Amino acid sequence: MFDVQKVELTWAGRKLTLETGKIARQADGAVLATYGETTVLATVVSAREPKAGIDFFPLTVNYQEKAFAAGRIPGGYFKREGRPTEKETLVSRLIDRPIRPLFVEGYRNETQVIVTVLSHDLENDPDIVAMVAASAALTLSGVPFMGPVGAARVGYVNGQYKLNPTVAELKDSVLDLVVAGTADAVLMVESEAKELPEDVMLGAVMHGHKGFQPVIDAIIKLAERAAKEPRDFQTPDNSAVEKRILDLVEADLRDAFTTPVKQTRQEKVAAAKAKAAAALMGEGVENPLDKQLFGTVFKDAEAKIVRWNILDTGVRIDGRDNKTVRPIVAEAGILPRAHGSALFTRGETQAMVVATLGTSDDEQYIDSLEGTYKETFLLHYNFPPYSVGETGRMGSPGRREIGHGKLAWRAMRPMLPAHHEFPYTIRLVSEITESNGSSSMATVCGSSLALMDAGVPLRAPVAGIAMGLILEGERYAVLSDILGDEDHLGDMDFKVAGTENGVTSLQMDIKIAGITEEIMRVALDQAKGGRLHILGEMAKGLSGARQELGQYAPRIETIKIPTDKIREVIGTGGKVIREIVEKTGAKINVEDDGTVKVASSDAASITAALNWIKSIASEPEIGVIYDGTVVKTTDFGAFVNFFGAKDGLVHISQLAANRVNKVTDVVKEGDKVKVKLLGFDERGKVRLSMKIVDQATGEDLEKKQGGEAAAGE
C-alpha cells in the first residue's frame with residue numbers, strides 16, 4: 001500500500017531520518033523528518049495554474065507546534081491550539097526566508113508549505129528539523145525550486161563552535177546562530193550573541209554552512225528515489241519589453257534615482273511610469289502591453305537603473321558613497337511621564353522608543369512545548385502606515401512586526417543587567433514614525449537610549465546598522481545604511497547590531513542564490529565601522545544610564561526571608577499579604593525560595609511594607625530601637641505595638657518613678673513612641689524589657705521620670 005522511501009544519517013552525533021511515501025500522499029511533496037526524538041511533518045502544495053492579477057510569488061509558510069508533541073494539553077479556556085504563537089510566527093519566517101529566493105523567477109502559482117511538529121524530545125529544537133523537512137518536501141514536489149537548502153544551529157562554548165547544540169547545551173553558549181544555504185553559498189543568518197568579534201561570527205556562519213552539507217546530500221539522495229517529475233515551467237523572457245520601457249524613460253529614471261528626497265523621488269518615478277504606460281498601454285496603442293506584465297517589467301527596469309548607477313559611479317541614490325551613514329539625531333527623555341523615552345532619527349527613518357519598568361505582576365507567561373515560563377523583557381515594534389506616507393489597515397501585529405521586534409529584542413537582551421541585580425519587568429515599545437531604510441536597526445538604537453534614560457544599567461550601549469549588496473557577475477558593492485529603495489531593488493539585507501566591543505545580533509537575507517564568504521567578510525567589516533560611528537552619534541544624546549530611575553517609575557526592594565516563614569507572610573488564603581498591600585499601597589511578590597520583592601513609586605509605602613514583612617518573618621533584636629505605637633492604655637499600663645504584629649505591655653509601675661495616677665499622664669492611645677528591646681527573661685519566654693523614648697528628642701522617658709521601665713508581651 002505504501003511506497004516508503006527513507007534516508008538516514010548521523011548528524012552532529014544524533015540520527016536524522018528523512019522519510020516519504022507514507023503520510024500526506026495527496027500533497028505535492030511530504031517529508032517526515034526525525035532528529036533524535038523530535039519529529040516534524042512538512043508538506044508542499046502548489047497550484048497548477050498561476051494566480052491571476054498578481055505580480056509577486058504567492059508563497060505562504062505555516063509552522064505549527066502541537067501541544068501533544070511534548071505530552072501537554074494547551075493552556076487557556078478552550079484547551080486547543082489557537083492563533084500562532086510568537087515562536088510559530090518566527091519559525092515560519094525562518095523557513096520562508098531561505099527558500100523564497102530559490103523559486104524560479106516568474107513563478108506565480110500559489111504555493112503553501114505547512115510544517116507540523118508531531119514530537120518534541122525537549123532536547124532538539126524543532127526549528128532546524130522543520131527547515132530541513134521543508135527543503136526536502138520542496139525538492140520532492142516537482143515545483144520549480146532550485147534547492148535543496150540545508151540549515152543548522154551553531155553555538156560557541158569555551159571558545160569552540162558547537163554544531164546543533166541541544167536546548168541544555170545552548171544555555172552555556174554565548175552564541176545562538178541559525179544559518180541556511182545551498183551547497184555553494186549562504187542564504188540566511190539569524191543570531192543572538194554576547195559581544196562576539198566579527199571574525200567569530202563569520203567563522204560560526206561558515207562552520208554551520210559546512211556542517212549542513214551532509215543534509216543536502218541526504219535530500220538529494222532521497223530525491224533521486226522519490227522526487228516527482230519537474231513541472232514544465234519556463235522563465236518568461238521580458239527583455240524586449242524592458243528595452244522598450246528603457247528607451248522611453250531611462251533618462252527620467254536616472255534623474256529620479258539621483259533625487260535624495262524620498263517623496264520627490266517617488267513623484268518622479270510615478271511620472272516616468274505614467275509616461276511609459278501612456279506610450280505602451282494608452283488609448284490607440286497597437287498591441288498594448290498587459291498591465292500586470294508592464295508593472296513587473298517596469299520594476300525590473302527600476303532595479304537595473306539603481307544598480308547600474310551604483311556599480312558604475314559609486315554614487316548612491318541620495319548622493320552618498322558606499323560607506324557613509326546618513327545624518328543622525330539622538331534625543332533622550334522626550335516624554336514627560338514615561339519611565340524612559342528616546343527619539344532616534346537617521347535620515348528619513350525615525351523611531352520613537354518608550355521604556356516602561358514594571359514589577360513581577362507584569363511578567364509575561366509563555367506557554368510553549370518546553371513548558372510554561374515567565375519572560376521579563378518585552379520589546380514590541382509597531383509600523384503604522386503613516387510612517388511611509390500611506391493609508392492602511394490598523395490591526396494586530398503581523399509577521400513583519402513580530403520579526404522586526406524579535407531582531408531588536410535579540411540585539412538588546414545580552415546587554416541587560418541580570419534580573420537578580422535589576423528585578424524589573426522591562427517593556428520597550430518602538431513606534432516607527434518615519435521609514436526609509438532599516439527601522440528595525442533604528443529600533444535598536446532608540447531602545448538603547450530609552451533604557452538608559454529609564455536608568456536601566458545596560459552593560460554597554462547598542463547600535464545597529466543595515467547593509468545592502470549590489471551583485472552583477474563578478475562586480476559587487478556593499479552599501480552601508482541602505483535606503484528603502486536600495487533594500488527593495490538590491491540583493492541583500494544584512495543587519496548587524498552590537499556594542500563597541502562586539503556583535504550582539506546578526507540577521508541576513510539574500511534575494512539571490514547566495515553570497516560568498518568574501519562578501520560577508522567585507523560586509524561585517526564595513527558594518528563595524530558604521531556601528532561605531534552611530535554609537536558616537538548616540539552618545540551626543542545620552543552616553544550612559546541615568547543614576548536614578550525616572551520620577552514615575554516604581555522602586556523595587558528585595559529581601560530574603562526564611563522559607564518556613566513564607567506561609568505566615570502570605571496568611572491563610574492570602575489574607576495577610578492582601579492586608580499588607582491594601583494598607584501600604586505597595587506591590588508584593590513572594591517567591592518559593594523566600595525572595596520577597598516590594599514595589600511602589602512611593603518610598604514610604606515600600607518601607608512600611610518591608611517593616612511589616614520583617615516583623616512577621618523575623619524576631620526583634622536586642623539593643624535595637626523600634627518605632628512603636630500606643631495601641632491601648634489601661635489602669636495598669638500601656639500596650640505598645642513595636643514590631644509589626646508584636647505588642648509589649650509597659651506596666652504603670654515601671655512607666656515613671658514619680659507616682660503617676662494615670663497612664664495617660666505619660667502616653668495616650670495613638671502616640672508614636674520609640675522603644676528599645678533590652679533582652680529576654682531568664683526563662684527564655686517572650687517577656688520583653690523596653691525603654692520608652694521621647695519621639696522628638698530620643699531621650700529615655702524613664703530618665704526624665706527618674707526610673708527604670710520593664711514590660712512584658
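The values are calculated or read from the model by the stated rules, or taken from the named source; none is laboratory data. Bear in mind the structure is a predicted one, so any value in this text is a computation, not a measurement. Neighbour counts are summed over all protein chains in view; Cβ atoms, including those assigned to glycine, are modelled from backbone coordinates with ideal geometry. Just so you know, the surface numbers come from the protein's heavy atoms only, side chains and all, with ligands and any DNA or RNA stripped out. Shrake-Rupley method; radii C 1.70, N 1.55, O 1.52, S 1.80 Å.
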Among the residues of segment 355-384, the number that are in contact (Cβ under 8 Å) with a residue 60 or more places away in the chain, touching a helix residue (DSSP H, G or I) at 6+ places or on another chain (Cβ under 8 Å), closer than 17 Å to TYR424 by Cβ and open to solvent by 10 Å² or more (accessible area, probe 1.4 Å) is 1
Using beta carbons and a limit of 6 Å, which pairs, at least six apart or on different chains, have the first residue in segment 26-41 and at negative phi and at pLDDT 95 or above and the second one crowded, with 20+ Cβ neighbours inside 10 Å and acidic (Asp, Glu)? LEU32/GLU19
Whichever residue in segment 32-49 is touching an Asp or Glu at 6+ places or on another chain (Cβ under 7 Å) and not in a loop (DSSP other than H, G, I, E, B) and, among such residues, is nearest to ASN164 (Cα to Cα): THR38
Within segment 246-255, identify whether any single residue is in contact with a Phe, Trp or Tyr (Cβ under 8 Å, 6 or more places away or on another chain), open to solvent by 80 Å² or more (accessible area, probe 1.4 Å) and not aliphatic (A, V, I, L, M), and answer yes or no. no
Those residues of segment 520-556 which are open to solvent by less than 90 Å² (accessible area, probe 1.4 Å) and of a type in the set (D, E, K, R), in sequence order: LYS528, ARG531, GLU537, ARG555
For the condition assigned to a loop (DSSP other than H, G, I, E, B), surrounded by 15 or more Cβ atoms within 10 Å (Cβ to Cβ), in contact (Cβ under 8 Å) with a residue 24 or more places away in the chain and not aliphatic (A, V, I, L, M), what is the one hit in TYR63, TYR107? TYR107
From the list GLY314, GLY333, which one is on the phi > 0 side of the Ramachandran plot, in contact (Cβ under 8 Å) with a residue 24 or more places away in the chain and under 34 Å from the mean Cα position of the chain (by Cα)? GLY333
Check on ARG413, outside any strand (DSSP E or B) and basic (Lys, Arg): yes
Cβ-Cβ below 9 Å, separation at least six or inter-chain, first residue in segment 394-416 and modelled with pLDDT under 95, second of a type in the set (A, V, I, L, M, F, W, C) and not in a helix (DSSP H, G or I): which pairs? PRO397/PHE383; GLY398/PHE383; ARG400/PHE383
Tell me, which residue of segment 462-477 that is of a type outside the set (Gly, Ala, Ser) and crowded, with 22+ Cβ neighbours inside 10 Å is farthest from GLN547 (Cα to Cα)? ILE470
Inspect segment 432-452 for any residue being within 20 Å of THR359 (Cβ to Cβ), in contact (Cβ under 8 Å) with a residue 40 or more places away in the chain and not in a loop (DSSP other than H, G, I, E, B) and give the result as yes or no. yes
Flag if MET206 is open to solvent by 10 Å² or more (accessible area, probe 1.4 Å), closer than 24 Å to THR516 by Cβ and either acidic (Asp, Glu) or modelled with pLDDT of 95 or more (or both): yes
Let me spell it out: the conditions are (1) closer than 30 Å to PRO126 by Cβ; (2) without any contact (Cβ under 8 Å) to a residue 40 or more places away in the chain, and GLY464 meets all of them except one. Which number is the exception? (2)
